[in-house]
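Written out below as structure tokens is the structure these notes cover.
The values are calculated or read from the model by the stated rules, or taken from the named source; none is laboratory data. Bear in mind the structure is a predicted one, so any value in this text is a computation, not a measurement. Here the Cβ is made from the backbone with ideal geometry for all residues, glycine too, and neighbour counts use every protein chain on show.
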Amino acid sequence: MSKYLVNKFLYTVDREHELTERYREDPAGTVAWWEEHLAGRILNAIPAEDTTWLAFTDEERSALVSHDHVRLFELGAHPFLTLTLWIAMFERDFTEPLGMQLDYARKLDHVTQPYPDITT
């Protein structure tokens, strides 16, 4: 797994409102677009230095497309990145205070220490 690439996806999508909304509404299309157009530019500032070797694994892609924060955490994605993005995308779907955050935590309740390695 490329934890760096998955974390960079979560970070960049969370930092742009239109991209966050696009990911909420069309996760498969957003993941495919991001992987095709931005994954190779992650480490490089200019198009002449783009790379073609950076790509999600099938398992990463599946977890991103299905908005599966539990699986992403199990794969080593940083939980703060998923949490902040999930707040931006899904908090509005809950009526009770902290409803989304409590649901997020409940779904991770089965995870015990030691936690998956989240270093990149």
Whichever residue in the range 1-32 is of a type in the set (S, T, N, Q) and touching a Ser or Thr at 6+ places or on another chain (Cβ under 9 Å) and, among such residues, is nearest to residue 89 (Cα to Cα): 7
Residues (more than 12 Å from residue 10 (Cα to Cα), assigned to a loop (DSSP other than H, G, I, E, B) and either at pLDDT 95 or above or among the charged types (D, E, K, R) (or both)) located in the range 42-67: 50, 66
Residues located in the range 22-37, provided they are of a type outside the set (Lys, Arg) and in contact (Cβ under 8 Å) with a residue 60 or more places away in the chain: 23
Residue ID - modelled with the highest pLDDT, chosen from residues in the range 80-120 that are assigned to a loop (DSSP other than H, G, I, E, B) and under 16 Å from residue 9 (Cβ atoms): 118
Selection from the range 4-41 of residues that are aliphatic (A, V, I, L, M) and not in a helix (DSSP H, G or I): 38
Evaluation of residue 77 against (1) modelled with pLDDT of 85 or more; (2) under 20 Å from residue 5 (Cα atoms); (3) touching a Phe, Trp or Tyr at 6+ places or on another chain (Cβ under 8 Å) (one fails), failing number: (3)
